[in-house]
Amino acid sequence: MAARMNLPDVIAALSHSDTATTAVIPESWMQGRTSYGGFSSALALVVAQRLAPDLPPLRSATINFVGPLAGEVAITARFLRRGRNASWVAAEITGEGGVGLTATFVFMGPVESTLHLSDAPPPAGWVPPGDAVPFPTDRPSPGFTQYFERRFATPRTGDKRAELNWWVRPRDAAGLDPMVEMLLVADALPPGVMPLMGGWSPVSSMTWLINLLTPAPVSRDGWWLLRAAASYAENGCSSQDMAIWNADGEPIAAGMQSIAVFG
């Protein structure tokens, strides 16, 4: 398998058996010792979606990054419950070192409700993607970033805040399920505490919760506004809020992440 493959190529190359789906993680999707979290989460979702052709849209995912994943991996998924409106699916990815990722996906169709609340505005001062400053190409970045275009969604200032707001667009999402694209993109920011760190230090995502605020994510020209804002960092553990909006500033997803910071 070629070292550089986009996600649609990797999905097309999945191998299936009665017990598991096998994938090979290309070197270009690695982030240090393990695969980029959005990439492995997206693969787990692909296998979960294939359990049944009539699953409703994904509405929530809880993902645990347990250990490194590299090379050939096995992906399994099983129903925890199939309800009338919602279905729960457990997925797992294992590699040479054992379990690397576990996930619980909740798929849910629309239900009648009298509640209508949307209080998730985009960051103050956000700049449309067409006017946003591109991310510097000469700055060292993990290998997986080659699959994304990145721009600054808010003006850069001299203030050091535990917050990042970027526009991110996958370079090739042709044929991807919209929810698979969401998981692929949603983890593309560095930790929100990164601007506060004096230099480079190893970091590792531990847990990730993402709620999809729409059953059909869509955005003009493929751009997504990602936000990561840390509210706590002590003893090597950081907690951050995360969110996604489309190019029109409409809320698409909200979540939280726990990150280990080794430095």
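Looking across the stretch 201-246, the residues that are out of contact with any strand residue (DSSP E or B) (no Cβ under 9 Å at 6 or more places or on another chain) and without any contact (Cβ under 8 Å) to a residue 40 or more places away in the chain come down to 234, 235.
Each row is one residue, and each column tells you yes or no for (1) among the aliphatic types (A, V, I, L, M); (2) over 24 Å from residue 59 (Cα atoms).
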| position | (1), (2) |
| --- | --- |
| 164 | yes, yes |
| 204 | no, yes |
| 210 | yes, no |
| 214 | no, no |
| 250 | no, no |
| 255 | no, no |
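The conditions of being in a helix (DSSP H, G or I) and either under 22 Å from residue 231 (Cβ atoms) or small (Gly, Ala, Ser) (or both) are not met by residue 158.
Test residue 139 against the stated conditions and say whether it is in contact (Cβ under 8 Å) with a residue 24 or more places away in the chain and either of a type in the set (Lys, Arg) or part of a helix (DSSP H, G or I) (or both). It is false that residue 139 is in contact (Cβ under 8 Å) with a residue 24 or more places away in the chain and either of a type in the set (Lys, Arg) or part of a helix (DSSP H, G or I) (or both).
Among all residues of the stretch 136-156, there is at least one that is small (Gly, Ala, Ser), over 28 Å from residue 12 (Cβ atoms) and modelled with pLDDT of 95 or more.
The values are calculated or read from the model by the stated rules, or taken from the named source; none is laboratory data. As the structure is a prediction and not an experimental result, all values here were calculated from the model. We place every Cβ from the backbone using ideal geometry, glycine too, and count neighbours over all the protein chains shown.
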